[in-house]
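To start, the structure itself, in structure tokens.
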């Protein structure tokens, strides 16, 4: 069963299922994506997909015709403050990152009634940094040299958005 979370003009977000596992693994380990994330192993991904979704959930971004276009991992769904992680867009250059994040924010705040969402990003991922800020995420902090990647320590920038900030932006549109 493909549980649809939310649909928009061109895309919909649905809960991943076991048939998506190879797709998720391939996205994580694609060279153009791997430099921006820390991949999870197949066992962890399978655990998330087969879980009840109450604490963590893998989400597939797809075009309305069912063509997969990317993937998110959501964590801390059993708290009022959800984490978005592993934002990976497969079909790049089409505005799908922006559209899918807007859908995810709507689902998170309007449907699920979360108080806060947060996301982190490697300091040199300028495309993601600009996207998150343009959507209203606020820079909350810098985790200095938190990740060791290929022998080099990297910084993460932490972003957050509160429910009232999300709803204030919706009235402006």
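Among the residues of segment 68-88, how many are assigned to a strand (DSSP E or B), farther than 20 Å from residue 17 by Cβ and more than 13 Å from the chain's Cα centre (by Cα)?
Number of matching residues: 1.
Looking at 10, 91, which is the one that is more than 14 Å from the chain's Cα centre (by Cα), modelled with pLDDT under 95, surrounded by 13 or more Cβ atoms within 10 Å (Cβ to Cβ) and closer than 26 Å to residue 166 by Cβ?
Only one candidate qualifies: 91.
How many residues does segment 40-76 hold that are surrounded by 17 or more Cβ atoms within 10 Å (Cβ to Cβ) and closer than 29 Å to residue 154 by Cβ?
18
List pairs: first in segment 14-37 and closer than 15 Å to residue 74 by Cα, second loosely packed, with under 13 Cβ neighbours inside 10 Å and at pLDDT 95 or above, Cβ under 6 Å, 6+ apart or cross-chain?
From residues that are closer than 15 Å to residue 74 by Cα, the pairs are 14/4.
Within segment 94-106, which residues are under 14 Å from residue 60 (Cα atoms) and surrounded by fewer than 19 Cβ atoms within 10 Å (Cβ to Cβ)?
99
The values are calculated or read from the model by the stated rules, or taken from the named source; none is laboratory data. Predicted model, so just to flag it, every value in this text is computed and none were measured. Heads up, the Cβs are rebuilt from the backbone with ideal geometry, glycines too, and the neighbour counts pull from every protein chain shown.
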